[in-house]
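The structure appears below as structure tokens.
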Amino acid sequence: KLKEITGNTDEELSKLSIQDLFSFDDEILNIIREGLKKVKESGYADAEAEIKDKEGIRVPMYFTACSLNFSGKKYYVGMGTDISKLKETEKALSESEERLRITLLSVGDAFISTDVSGKIEMLNTVAEDLTGWKKKEAIGMPLEKVFNIVNEFTKGKCENIVEKVINTGNIIELDNHTLLVKKNGEEIPIEDSAAPIKDSNGNIKGCIIVFRDFTDKKERQNKIRFLSYHDELTGLYNRRFYEEELKRLDTKRNLPISIIIGDVNGLKLVNDT
């Protein structure tokens with residue numbers, strides 16, 4: 001195999017030292033020298049290094065070496081494995097992970113990922129802005145410390161969403177009326193969902209939470225809700241509200257029920273005008 005890679009014959013190789021094969025690169029040569037030194041001292045060594053093939057192209061190799069005694073003489077034996085395909089796979093995987101990392105960090109929504117115990121592993125700049133926690137502070141912290149969510153009305157702390165996801169293995173959406181308490185104590189309404197992170201075998205390895213500021217959307221919803229039950233000009237309840245209330249109140253529990261109808265002087269004239 002060594003002859004195949006280097007293009008040398010038995011005779012040519014017999015005239016070379018081990019170090020001669022790696023003399024084209026000082027850094028690799030030092031790795032080999034350290035390996036040889038370790039073999040002499042402890043009887044074994046391994047290392048990754050490159051060797052040049054017959055066309056001058058560098059081939060990544062994984063080397064192991066050991067010492068042995070044979071017929072009263074000490075020998076050093078080394079074996080090398082071509083790891084070109086492994087390196088290509090590692091590079092492709094690394095590039096894929098980097099693309100995924102950049103994509104996640106660039107999305108418009110805030111996201112936080114945790115390990116299976118709920119410790120934060122990653123968050124993007126949007127999550128930094130919404131929580132008030134910087135990445136260097138947040139990584140390694142328990143999620144509930146950074147992602148502090150409470151009920152809008154009771155101010156009670158919401159259940160641990162990571163535990164719920166890990167236990168059920170399902171995608172879960174936050175309850176309505178959820179507030180995120182920022183690091184400075186400011187409260188903002190949010191909507192979000194959490195999903196399990198699974199490996200290729202389906203084992204849960206962590207959790208990812210995606211959330212967004214719900215303030216503007218909530219204000220629009222409240223305005224739409226207000227206009228659907230109130231007169232826009234006066235702010236008084238409208239006919240739709242009356243009809244909905246009539247349905248709500250029309251139960252035996254509320255009987256007997258009385259309705260008082262009042263008149264506003266001149267209102268018809270104003271409406272007609």
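Quick notes on this one:
- For the range 183-225, the calculated P(r) over all alpha carbon pairs, in 5 Å bins from 0 to the bin holding the longest distance, is 6, 17, 15, 16, 14, 11, 9, 7, 4, 1 percent.
- 5 Å binning of all Cα-Cα separations within the range 53-160, expressed as whole percents from 0 upward: 2, 9, 12, 12, 11, 8, 7, 7, 7, 7, 6, 5, 3, 3, 1, 1, 0, 0
- Other-chain or far-sequence residues with amide H under 5 Å of G206's (modelled H): I197
- Size of charge dipole - the chain - debye, nearest 20, with Cβ of Lys, Arg +1 and Asp, Glu -1, no other charges: 640
- Here is the list for the range 6-61: chymotrypsin sites (Phe, Trp or Tyr not before Pro) lying in DSSP coil, each with at most 14 other C-beta atoms within 10 angstrom of its C-beta, are F24.
- Largest accessible area first, the listed residues F214, F226 line up as F226, F214 when surface is computed with a 1.4 Å probe on the assembled protein chains.
- Of the GluC sites (Glu not before Pro) found in the range 192-273, those that fall in a DSSP loop while having at most 12 other beta-carbon atoms within 10 Å are E232.
- The range 88-206, accessible surface, carbon-and-sulfur percent (1.4 angstrom probe): 50
- Computed log₁₀ I(q)/I(0) - Debye formula, equal Cα scatterers, no solvent, the range 223-273, q 0.22, 0.29 Å⁻¹: -0.95, -1.11
- P(r) histogram, all alpha-carbon pairs of the chain included - 5 Å bins from 0, percent: 1, 4, 8, 9, 9, 7, 6, 6, 7, 7, 7, 6, 5, 3, 2, 2, 2, 2, 2, 2, 2, 1, 0, 0, 0
- Our note on the geometry: Cα centres of the range 191-212 and the range 166-188, 14 Å apart.
- Split the chain at each of the trypsin sites (Lys or Arg not before Pro) in a DSSP loop with at most 10 other beta carbon atoms within 10 Å, and the longest piece is 16-154.
- Counting every alpha-carbon pair across the range 131-273, the share separated by more than 27 Å comes to 50%.
- Of K3/K87; K136/K182; K135/K157; K119/K145; K135/K182, those spanning more than 20 Å from alpha-carbon to alpha-carbon: K3/K87; K135/K157
The values are calculated or read from the model by the stated rules, or taken from the named source; none is laboratory data. What you see is a predicted model; the values in this text were computed from it and never measured. Note: ideal-geometry Cβ built from the backbone for every residue, glycine included; neighbour counts use all protein chains shown. Accessible surface is based on the protein model in full, side chains and every heavy atom, while ligands, DNA and RNA are left aside. Shrake-Rupley method; radii C 1.70, N 1.55, O 1.52, S 1.80 Å.
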